Amino acid sequence: NKYGRDHVAQIITFGKLQARAVLRDVGRVLEMPYGYVDRICKLIPNNPAAPVTLSQAIDGEQELQRLISEDPDVNRLISIARPLEGLYRHASTHAAGVVIGDRPLDQLIPLYRDPRSDMPVTGFNMKFVESAGLVKFDFLGLKTLTVLARAEDLVRAREDVDDIDVAKIPLDDPATFEMIGRGETTGVFQLESAGMRDVLRNLKPDAFEDIIAVVALYRPGPMDNIPSYINRKHGREEIDFLYPTLEGILKETNGIIIYQEQVMQIAQELAGYSLGSADLLRRAMGKKIKEEMDQQRHVFVDGAVAKGVPETRASEIFDLVDKFAGYGFNKSHAAAYALVAYQTAYMKANYPVEFLAASMTLDMGNTDKLNIFRQELDRLGIDLLQPDINSSFAMFSVERAPDGADADTGSIRYALSAVKNVGAAAMDALVTDREENGRFRDLSDFINRLDTSHINKRQMENLVRAGALDCFGYNRRQLFENIELLMRHANAALQARTDDQMGLFGGEAAPAQAFNLSNLADWPPMERLREEFDAIGFYLSAHPLDAYETVLKQLKAQSLAEVLSSGRDGMVMLGGAVIGKKERTSAKGNRYAFVQLSDPSGVYEVTVFSEILNQSREFLEVGESLFVKAAVQFDGETPRFTVQSLEPLAQRAANTACGMRVVVRDEAPLAPLKEVLDREGKGRGEVEIITRVANGGGPAGGDGGEEEITIHLAGRYAVTPVVLMAVRSMQGILDVQEL
């Protein structure tokens, strides 16, 4: 808008089909098994700084040569991939690059239209737009800055905080560095990957300069220097400053050249370069052009000798500087990133509830990320409260502890807009109505005030499945199966308001019974959780595997989080609830499947090949809880699971089925209890029901005190973990114990 839409464009980038990428793409087209292609790709060295070609990889890897000669499919894969290698795969846009011209850009360069953007894109990449006479700018928009601003607003809402400004926080906060040193950096900008957390645990940063250094070092190539940086910091390795006069330049990085600015400073200090010529040296070292490097070596050594440095030593230092310069990072860039990283870490360490609520708001559309944040809340002991039509806002919000409680306590209330397929605009309208006209007194009041021009049947269904209407006292199945009735009432009420007539129920809101909702028992716990999962994207109120906790311990199953933290290849045993399945056919006509599973610590995918798939297809239905033995192989931080065997957890649990003792106050829960036991059928578990009655035989709680009466049910029942979970969730049950 400032310079003119025809004067401004983003910069194009071209993705190339390099060795691994071309094999993966060709393998996909040939419908070769993903795991097999993946194994071939891992035989090709991964070096982003100097990519290896297919020919170089084959020449240097005997296993690859063997596969090509023995397997016709691999031979065909390689022969098709070779001529495609190096071609452009796709066009996209540079993350931050923008050009601004003094005239319409189509007078200077060709333009490209990105279908995902309304802004033009240059037809030349960043190297050639400069040659065309344009200036490149980098405008990097960070979601993290919005997270910080949102977190600040939430903190300011606290009664015990006067004000906060992340631009003015101290850069030596002990709580922040302690948290970073423990590697508890989920949600912290630049510092949250598993590999980075390992580095932080070993490094134990205690100064802002350490954060700058680790941001610059944690990249392919320079990360080889991380162990040395850590050892030097903790005195386990001697610090070498290359030459006495360079100590002032290299002291902050323990003698390791990390930043491009250090390369320039060394050239100035040691060889008498000007700032401009030092920048030319930095560029030359980055590009590795031999003629230029030979010329620069001559200038560097001569300059150093003139300042009293022995010629041999000057040449050695030039080689060392050259080695590091290729990896050198711009310190001003690293410092800016490190500052945002520190600010997010500070907010998490000091105001975790507000920080995580803000982080979840900015990732509302990403259920995988929301699930990661949920796990972090569990670790920190912070409650994530279910969505509630009377308490939730469109965004994630903070609910403080009651007056007199510890001011630091608080919970996060799930955002209405984060429920799937309900829409931010509709939830904003609903919250606005509540803010202006007060809380919804009951279901009838809610339906009378519902604006069906904003909220339709499907949105209502998902709000019910997510538990947002639980506050009205009806169970989810009752509400879900009466959605049609409720929406008819809501439409009629809206029409009456539109016509400026008297309210549907004679002006005053009718009691909820006016809807005559059928008296249905709630969904069984597992089905209730499945419905909740479909509406939210992960299990919020509980997890299907909670019922099998004892069984999984007996089976020595690991959680996904434990597998990820170990990072080791090998055999693992896991529990998982099936949340999705995709079947494929290989080039040889065999069926295989990718199955998505969930456990309380996260979501993962396993590959099931034909033999096991044929044996267990009936178990691979959404909602089924499984016990899985799998081979895990790590590609960087990403695990790939190949199933060796699987079976339903219910089958395993049946062998350990026990009895149960159920304590009730009155007869209300007996009918649903009978329904659950009848549904599961006969087994080998005993069931006892204990009720408390007054000593005189009258109602419990009379003046004569209470006594317990134990009733042993005739017969034996299948008291599985699912039954125990169902009974514990029933209203009117005081206690459930395994026998």
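The values are calculated or read from the model by the stated rules, or taken from the named source; none is laboratory data. The shown structure was predicted, so the numbers you read here are calculated from the model rather than taken from an experiment. We place every Cβ from the backbone using ideal geometry, glycine too, and count neighbours over all the protein chains shown. Accessible surface is based on the protein model in full, side chains and every heavy atom, while ligands, DNA and RNA are left aside. Shrake-Rupley method; radii C 1.70, N 1.55, O 1.52, S 1.80 Å.
In segment 1-73, what chymotrypsin sites (Phe, Trp or Tyr not before Pro) fall in a loop by DSSP, with at most 13 other Cβ atoms inside 10 Å?
Details: sites: Y3, F14, Y34, Y36; in loops: Y3.
Those that pass, being in a loop and sparsely packed, are Y3.
What's the FRET efficiency of R441 with D368 using the Cβ-Cβ distance as r and R₀ = 25 Å, to the nearest 0.05? Walk me through the numbers on the way to the answer.
Numbers: r = 37 Å, r/R0 = 1.50.
Working from the Cβ atoms, E equals 0.10.
Treating the beta-carbon of each Lys and Arg as +1 and of each Asp and Glu as -1, no other charges, what is the dipole magnitude of the chain about its Cα centre, to the nearest 20 debye? Display every interim value, and only then the final one.
Working: 82 positive and 107 negative charges, 487 e Å.
Computed charge dipole of the chain: roughly 2340 debye.
Long-range amide H contacts for A9: which residues qualify at under 5 Å (H placed 1.01 Å from N, peptide plane, sequence gap of 5 or more or a different chain)?
V99
Identify which of the listed values of Kirkwood radius over Cα pairs in Å was calculated from the structure shown: [x] 28.4; [y] 36.1; [z] 31.4.
Label [z] holds the value from this structure.
Net charge near R661, counting Lys/Arg +1 and Asp/Glu -1 over other residues with Cβ under 13 Å of its Cβ?
Working: positive: R728; negative: E686, E688, E708, D735, E738.
Computed value for this residue: -4.
To test your reading of the geometry: what angle, between 0 and 90 degrees and rounded to tens, separates the Cα axis of helix 352-362 from the longest principal axis of the chain?
The angle comes out near 80 degrees.
Just in segment 1-97: which trypsin sites (Lys or Arg not before Pro) are loop by DSSP and have at most 16 other Cβ atoms within 10 Å? Before the final figure, lay out the partial values.
Details: sites: K2, R5, K16, R20, R24, R28, R39, K42, R66, R76, R89; in loops: K2, R5, K42.
Taking segment 1-97 and a limit of 16 other Cβ atoms within 10 Å, the loop trypsin sites (Lys or Arg not before Pro) found are K2, R5, K42.
Relative to the first principal axis of the alpha-carbon coordinates of the chain, what is the inclination of helix 72-84, with its axis defined by its Cα atoms, in degrees from 0 to 90 and to the nearest 10?
Around 60 degrees separate the two axes.
Would you give the gap between the C-alpha center of segment 434-499 and the C-alpha center of segment 557-629, rounded to a whole Å?
39 Å
Return the equivalent ellipsoid semi-axes of segment 295-432 as a descending list in whole Å, where each equals the square root of 5 times an eigenvalue of the C-alpha gyration tensor.
Values: eigenvalues 615, 64, 27 Å².
One finds semi-axes of 55, 18, 12 Å for segment 295-432.
Kindly write out, for segment 611-619 in residue order, the coupling ³J(HN,Hα) from the Karplus curve 6.51 cos²θ - 1.76 cosθ + 1.60 (θ = phi - 60°), rounded to whole Hz, with x marking Gly and Pro.
After applying 6.51 cos²θ - 1.76 cosθ + 1.60, I find 4, 5, 4, 5, 6, 10, 4, 5, 7 Hz.
To the nearest 10 square angstrom, how much accessible area does H333 have with a 1.4 angstrom probe?
80 Å²
Can you give the angle from 0 to 90° between the axis of helix 483-498 and the longest principal axis of the chain, with both taken from C-alpha atoms, to the nearest 10?
Compared with the principal axis, the helix lies near 80 degrees.
Per residue of segment 564-576, what does 6.51 cos²θ - 1.76 cosθ + 1.60 with θ = phi - 60° give for ³J(HN,Hα)? Whole Hz please, x for Gly and Pro, Karplus curve as stated.
In residue order, the calculated couplings are 5, 5, 6, x, 9, 6, x, 8, 9, 10, 9, x, x Hz.
Can you work out the Karplus-derived ³J(HN,Hα) for every residue in segment 448-458? Use 6.51 cos²θ - 1.76 cosθ + 1.60 with θ = phi - 60°, whole Hz, and x for glycine or proline.
4, 9, 5, 9, 6, 6, 9, 10, 9, 4, 5
Please give the calculated 222 nm ellipticity per residue for the chain, where each DSSP H segment of at least 4 residues contributes -39500 (n - 2.57) and the sum is spread over every residue; nearest 500 deg cm²/dmol?
Here the helix-only value at 222 nm equals -13000 deg cm²/dmol.
Which of the trypsin sites (Lys or Arg not before Pro) found in segment 189-270 are loop residues per DSSP with 12 or fewer other Cβ atoms within 10 Å of their Cβ?
Details: sites: R197, R201, R232, K233, R236, K251; in loops: R236.
Taking segment 189-270 and a limit of 12 other Cβ atoms within 10 Å, the loop trypsin sites (Lys or Arg not before Pro) found are R236.
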